[in-house]
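The values are calculated or read from the model by the stated rules, or taken from the named source; none is laboratory data. Bear in mind the structure is a predicted one, so any value in this text is a computation, not a measurement. Cβ: placed from backbone, ideal geometry, glycine included. Neighbour counts: every protein chain shown. Ligands, DNA and RNA are excluded from the accessible area calculation, which covers all protein heavy atoms including side chains. Shrake-Rupley method; radii C 1.70, N 1.55, O 1.52, S 1.80 Å.
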Amino acid sequence: MVSSSSSSSSSPGSSVKRNWSIDDFEIGKPLGKGKFGRVYLARESKSKYIVALKVIFKEQVEKYKMHHQLKREMAIQTSLRHPNVLRLYGWFHDNEKIYLILEYAHGGELYKELRRSRHFSEKQAATYIASLAQALAYCHEKHVIHRDIKPENLLLDHEGRLKIADFGWSVQSKTKRHTMCGTLDYLAPEMVEKKAHDYAVDNWTLGVLCYEFLYGVPPFEADSQADTFRRIMKVDLTFPFTPRVSTEAQNLIIQLLVKDSAKRLSLEKILEHPWIIKNADPSGTCDE
Ligand code: AMP
């Protein structure tokens, strides 16, 4: 199903190698379970370089006809080099499985961190939003729209630096897209309406995430899917009294959750916003 037997743009550790196989790795503990397989901690035997090995069953990929999407995800992620984008070092396959050699994110899912602490401090939230804005500006420059930015797809490294993972829904395109995808709560109005959309869908999602980081729940949450759709379409945005969130943070959210995609704050302007300047840690790390 995948045309070449192995691919690697650069390799884990310093050694340059193009034809990886499972025999090159010592497999450690399972890190998690995804839609199509499992992720394991692994170590490249020669260099001792630690990676995350994502094992995907070909049968599953074929069953859900995800072959093209997976190939696209691999091609996009291999080509991206940014401190806030999870590296895909390479991949290989055998008869039954496809293996993705990924950068190891020691801190795990941001989502779990958010659920654990209920909501983030303004410093933490601003640092994550600035990291996301920088990573997305880089992706947009490369004509990549992620379209599925949500806490579950954001991982943290050992220093608490945010890493965008899972490029399953992303597209590399210079034109407007029409397909409906993404997760409900994070969908921009133009996607809910199945209208053509462009890079500005990711900017909307930053507004939703900024709200969720600060309040612990996404802004348009409702009991039914239909109600969430309605709330998104009306931009039915309210700010609870608790937890206490500064008006500067609310101002940034208001400027991102704008129905007209052309009027949303640009990624560059997000990075210049007073709340970001005041609160974001320039190193991108936050160990609170
Ligand atoms: P996924 O199949 O990408 O949804 O991954 C399933 C789970 O494995 C994730 O929710 C993470 O908890 C974990 N995981 C995936 N990739 C990594 C990674 N590169 N580093 C650490 N944990 C990971």
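Normalised by residue number, the volume inside the convex hull of the Cα atoms of region 22-103 is 96 Å³ per residue.
Counting only protein heavy atoms, what percent of the accessible surface of region 22-103 is carbon or sulfur at a 1.4 Å probe?
Ligands and nucleic acids excluded, carbon and sulfur reach 53 percent.
SER45 exposes around 40 Å² of accessible area when a 1.4 Å probe is run over every protein chain in place. For region 42-105, the per residue solvent-accessible surface stands at 48 Å², with DNA, RNA and ligands left out and a 1.4 Å probe.
Using R0 = 30 Å, the C-beta based FRET efficiency linking SER266 and VAL217 works out to 0.70. Under 19 Å from a point placed 7 Å out from the Cα of ASP94 along the Cα-to-Cβ direction: which residues of region 38-59 have their backbone N that close? The answer is 38-46, 51-59. Computed extension gain for VAL235 through ARG115, at 0.36 nm per residue and net of the alpha carbon distance, reaches 40.7 nm.
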